[in-house]
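Inspection log for the structure reproduced underneath, given as structure tokens.
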Amino acid sequence: MIYKTQKSLDRLKILYLFIFILTSILVVPAHIFPSPSFMPIRFPHYLEMMKPFLGVSWPLSFEIYHYALYALALVASLNVLGIIFYPKFRKVALFSSLIGIFLILSIVLFFFFPFMKINPSTSIIYGLYFVVLLIADLLTFKTLRQKEASRG
């Protein structure tokens, strides 16, 4: 059982490396090349064009966007720490992945429902990206939870 779980943790490391590379592919071109290049991956631009969402105007929604990014970075960092330094950070990663499930799920719903009306291409790109993040977070939670159950 321990071998199977270690194999799952190794697969998760590869998955998080893939996510890091995918994130770089989405973020770097939008910051290196000037607008109008890579417009579908310039999410903040379309966030500015969006009408107030749930009574939240552009400047506040942009601030919420940054706080959500910070929270996602923290969740992903704690998940990776829990995977790399397994028994020491397991509980922290388990808790962060549980929080991440709810946070990422709400972001996926945002991209596939309200934001789809603003810009479908950006919505699909980031919606699928966050589905990948949700899958990674769910697998992290399942693996760490499974590991806890196998310990007795």
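Just to check I understand the Karplus step: with θ = phi - 60° and J = 6.51 cos²θ - 1.76 cosθ + 1.60, what whole-Hz values come out for the stretch 30-36, glycine and proline as x?
5, 9, 8, 9, x, 5, x
Among 5-14, 87-96, how do they line up by average Cβ neighbours within 10 Å per residue, starting with the highest?
Listed from highest to lowest mean packing, they are 87-96, 5-14.
In the structure shown, do any of 51/142; 4/91; 117/142; 7/91; 13/51; 4/88 have a Cα-Cα gap over 29 Å, and if so which?
Among 51/142; 4/91; 117/142; 7/91; 13/51; 4/88, the Cα-Cα distance tops 29 Å for 51/142; 117/142; 13/51.
Would you give the gap between the C-alpha center of the stretch 88-152 and the C-alpha center of the stretch 26-79, rounded to a whole Å?
17
Determine the gain in length on full extension of the stretch residue 88-residue 3; use 0.36 nm per residue of separation and subtract their C-alpha separation, reporting nm with one decimal. Write down the numbers at each step before the final one.
On the way: separation 85, 0.36 × 85 = 30.60 nm, distance 1.81 nm.
Stretched fully, the residue 88-residue 3 segment lengthens by 28.8 nm.
What angle do you read, to the nearest 10 degrees and between 0 and 90, between the alpha-carbon axis of helix 86-112 and the longest principal axis of the chain?
For 86-112 against the chain, the angle is about 30 degrees.
Just to be sure I understand the model, the point goes 7 Å from the Cα along the line to the Cβ. What's the resulting residue 35 to residue 101 distance in nm?
3.9
Per residue, how much accessible surface does the chain expose to a 1.4 Å probe? Answer in Å², no decimals. Walk me through the numbers on the way to the answer.
Values: 9440 Å² over 152 residues.
Using a 1.4 Å probe on heavy atoms only, each residue of the chain averages 62 Å².
Charges only on Cβ, +1 for Lys and Arg, -1 for Asp and Glu: so what's the dipole of the chain about the Cα centre, in debye to the nearest 20?
With only Lys, Arg, Asp and Glu charged at Cβ, the dipole is about 700 debye.
Considering only protein heavy atoms and a 1.4 Å probe, what is the carbon-and-sulfur percentage of the accessible area of the chain?
That fraction is 75 percent.
Taking the structure as given and computing Rg and Dmax of the Cα atoms in Å, which label from (1) 14.9, 46; (2) 15.5, 47; (3) 17.2, 56 fits?
Recomputing Rg and Dmax of the Cα atoms in Å here picks out (3).
How large is the helix-only mean residue ellipticity at 222 nm for the chain, computed as the sum of -39500 (n - 2.57) over DSSP H runs with n ≥ 4, divided by its residue count, in deg cm²/dmol to the nearest 500?
-28500 deg cm²/dmol
Quick query: amide H of residue 56 versus all other amide H atoms, modeled in the peptide plane; which residues come in under 5 Å with a sequence gap of 5 or more or a different chain?
Residues meeting the amide H criterion: none.
In percent, what relative contact order does the chain have, based on Cα pairs under 8 Å that are 6 or more apart in sequence? Mind showing how you got there, number by number?
Details: 127 pairs, mean separation 42.8, N = 152.
Reported as a whole number, the value is 28 percent.
The values are calculated or read from the model by the stated rules, or taken from the named source; none is laboratory data. Here the structure is a predicted model, which means the values were calculated and not measured. Here the Cβ is made from the backbone with ideal geometry for all residues, glycine too, and neighbour counts use every protein chain on show. Only protein heavy atoms, including side chains, enter the accessible area calculation; ligands, DNA and RNA are left aside. Shrake-Rupley method; radii C 1.70, N 1.55, O 1.52, S 1.80 Å.
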